[in-house]
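Read the structure below first, then the notes.
The values are calculated or read from the model by the stated rules, or taken from the named source; none is laboratory data. Just so it is clear, the structure is predicted and the values come from calculations on it, not from any experiment. Here the Cβ is made from the backbone with ideal geometry for all residues, glycine too, and neighbour counts use every protein chain on show. Just the protein is used for accessible areas: all its heavy atoms, side chains included, with ligands, DNA and RNA removed. Shrake-Rupley method; radii C 1.70, N 1.55, O 1.52, S 1.80 Å.
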Amino acid sequence: MGKGCLFTMSECIFCRIAAGELSADIVHEDDRVMVFKDTSPQAPIHFLLIPKRHISTLLELGEEDGGLLTHIITVLGRVAKEYDLDKKGFRTVINTGEEGGQTVGHLHFHLLGGRHMQWPPG
Ligand code: AMP
Ligand code: ZN
């Protein structure tokens, strides 16, 4: 468990999804990353990309995580293309901490698409 962790790992729902203990609608899975549908979608397409390893927030990331991050971004692009989001665009969001709107203490990238996004976000 890292600094600023909102939950312990055993209570972490995304660790439990990554371990196959909790079901999810999985879109992609490999040794390092899992992509699954958000259960409360905010757009026609709303996926979450997580590292399988528990990382609480992006504040825990360092240079040594460069390979993992590159992999997550590459998977994100691949999934976006699979779902035809590359044509019209999409949004990628990482919420951090309480005021950032983070409700699950396991790093996740939101991939949202299929509608026109607003700016600024609420
Ligand atoms: P955030 O508010 O940025 O921490 O995002 C957490 C996201 O996780 C929210 O969009 C929730 O709808 C989503 N979520 C919570 N529990 C689950 C779950 N068991 N399976 C899939 N998505 C979930
Ligand atoms: Zn976790």
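For the chain, what does the relative contact order come out to in percent, with C-alpha contacts under 8 Å and a separation of six or more? Display every interim value, and only then the final one.
On the way: 170 pairs, mean separation 36.9, N = 122.
Dividing the mean separation by the residue count of the chain yields 30 percent.
Taking all protein chains as present, what is the carbon and sulfur share of the accessible area of the chain, in % to the nearest whole number, probe 1.4 Å? Present the calculation step by step, with values, prior to reporting the outcome.
Values: 3900 of 7380 Å².
C and S fraction of accessible area: 53 percent.
Can you list the residues, at least 5 places off or on another chain, whose amide H is less than 5 Å from the amide H of HIS28, using H built in the peptide plane?
Result for HIS28 returns VAL35.
Provide the solvent-accessible area of ILE94, counting protein heavy atoms only and rolling a 1.4 Å probe, rounded to the nearest 10 Å².
Accessible area of ILE94: about 60 Å².
With 10 Å bins from zero, work out the P(r) of segment 13-113 over every alpha carbon pair and list the percent per bin.
Per 10 Å bin, starting at 0, the Cα pair percentages come out as 15, 51, 32, 2.
Give me the net charge for the shell around ARG53: Cβ to Cβ below 11 angstrom, other residues only, Lys and Arg +1, Asp and Glu -1. Please list the in-between numbers first.
On the way: positive: ARG32, LYS52; negative: ASP31, GLU60, ASP65.
Taking every Cβ under 11 Å from that of ARG53, the sum is -1.
Using the alpha-carbon atoms, what tilt in degrees (0 to 90, nearest 10) does helix 66-82 show relative to the longest principal axis of the chain?
Taking Cα atoms only, the helix is inclined about 30 degrees.
May I have the count of lysine pairs in the chain with C-alpha atoms under 24 Å apart, counting pairs 8 or more residues apart or located on different chains? Walk me through the intermediate numbers first.
Numbers: LYS3/LYS52; LYS37/LYS52; LYS37/LYS81; LYS37/LYS87; LYS37/LYS88; LYS52/LYS81.
For the chain, qualifying lysine pairs total 6.
Where the only charges are on Cβ atoms (+1 Lys, Arg; -1 Asp, Glu), what is the dipole of the chain about its Cα centre, to the nearest 20 debye?
Working: 12 positive and 16 negative charges, 80 e Å.
Roughly 380 debye, rounded to the nearest 20.
Ignoring everything but the protein chains, give the 1.4 Å probe accessible area of THR92 in square angstrom, nearest 10.
About 60 Å², rounded to the nearest 10.
Per residue, how much accessible surface does the chain expose to a 1.4 Å probe? Answer in Å², no decimals. Write out the running numbers ahead of the final one.
Values: 7380 Å² over 122 residues.
Value for the chain: 60 Å² per residue.
Build a GNM of the chain with springs between Cα atoms under 10 Å: which of LEU107, LEU76, LEU68 gets the top mean-square fluctuation?
Maximum fluctuation in the GNM of the chain, among the listed residues, is at LEU68.
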